């Protein structure tokens, strides 16, 4: 029998973050059962107004996606009474997470040195753009800034030859940093359970995303002296693209050397692989471009469904290319319950994306909807006034 109690039941989180990085972190904690109180100004988190138009004021799709299960409380932290409410919350909290710059948080009396006077065991997490021990400390950071700083904006030009630096079309740096914040928070919780001690945790967006990108792209620069250039060749190979088919495009991944022979056998072209260029592993790697070119010449002769049937029969990884609009109809996501239709009290029917992981001893329940601005003021402010 699965345990119905949330895994982070009893963990209280005071969340003074906004936009994506910090709210992504606290969304993970909320999904696993932590009690997250989202502190907002009277106008609400700025991300409530970003992206596609909301159906009602301050309830953007991005806010709905990143803040389910949280409780919203509005406070003016420059006001003495409201600041006192905040301090009382923090005295009762397990985790405090914020993305306010160091000078400003000190002026509010909410810096780590001040908070441990009222709660010595607190886990205090500061989400920053750049680590505090480097020359960029204190600079503002957004996803675009971090993509530029990490060299990510240079990658597409290596693929297509267009010299313009370009962003990856995703808030990928924000979300990666958010995941780093979540697992840093969980590690600190485990440390406290073992030792009884809280601590200060800094989660820098720049370093988190640089770590993420350089895992493969450090490449030849890994060694001192280097034995090659940066960038994982496979990822920036111009030939590594979706293949055109009779009715669309398909991704085919012949990841091992043997896979190429399996593919050409499956389409009744074994003679192509008999070419002396491919007689040795070294020759096959050297001439892999010719393999991609020949496969690209063959794929337009069949439909996506025909290719999927052929390739899956011989266990070659493949998938038809979709438009982002089509993913809401994906049969796998629908069958697994990843996409859920829910009713919001003001926004009506909407799609919610569940936490992706599953556990043998715990099943996530349905959390509360993303809150309206100050929706929980009456419930919480009086408790801590």
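Every read-out reported here was derived from the displayed coordinates using simple, explicitly stated rules and does not represent laboratory data. Note that the structure is a prediction, hence the values are computed from the model and not measured. Note: ideal-geometry Cβ built from the backbone for every residue, glycine included; neighbour counts use all protein chains shown.
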With a ≥ b ≥ c from the Cα gyration tensor eigenvalues, square-rooted, and the rule rounded for a/c under 1.5, otherwise prolate when a/b > b/c and oblate otherwise, segment 79-120 is oblate
Assertion target for 213, 86, 319, ordered by fewest C-beta neighbours within 10 angstrom first, is 319, 213, 86
With Cα coordinates, the longest principal axis of the chain makes an angle with the long axis of helix 304-313, in degrees rounded to 10, of 80 degrees
For the chain, the longest principal axis of the Cα atoms and the Cα long axis of helix 257-266 enclose an angle in degrees, to the nearest 10, of 60 degrees
Neighbour-count ranking for 260, 307, 362 (other C-beta within 10 angstrom, fewest to most) reads 362, 260, 307
Whole-Å distance linking the alpha carbon centroid of segment 39-108 with that of segment 316-385 is 21 Å
Highest GNM mean-square fluctuation among 146, 11, 125, for the chain with Cα springs under 10 Å, belongs to 11
If one compares the long axis through the Cα atoms of helix 172-195 with the longest principal axis of the Cα atoms of the chain, the angle in degrees, nearest 10, works out at 60 degrees
By the C-alpha gyration tensor axes a ≥ b ≥ c (rounded if a/c is under 1.5, else prolate when a/b exceeds b/c, else oblate), the shape of segment 235-306 is oblate
The Rg/Rh figure for the chain, Cα atoms and Kirkwood Rh, to two decimals is 1.04
Most fluctuating of 29, 308, 186 in the GNM of the chain (C-alpha, under 10 Å) is 308
Exposure proxy check on 360, 56, 30: fewest-to-most Cβ neighbours within 10 Å is 360, 56, 30
Extension length gain for residue 321 and residue 12 (0.36 nm per residue less Cα distance), in nm, is 107.0 nm
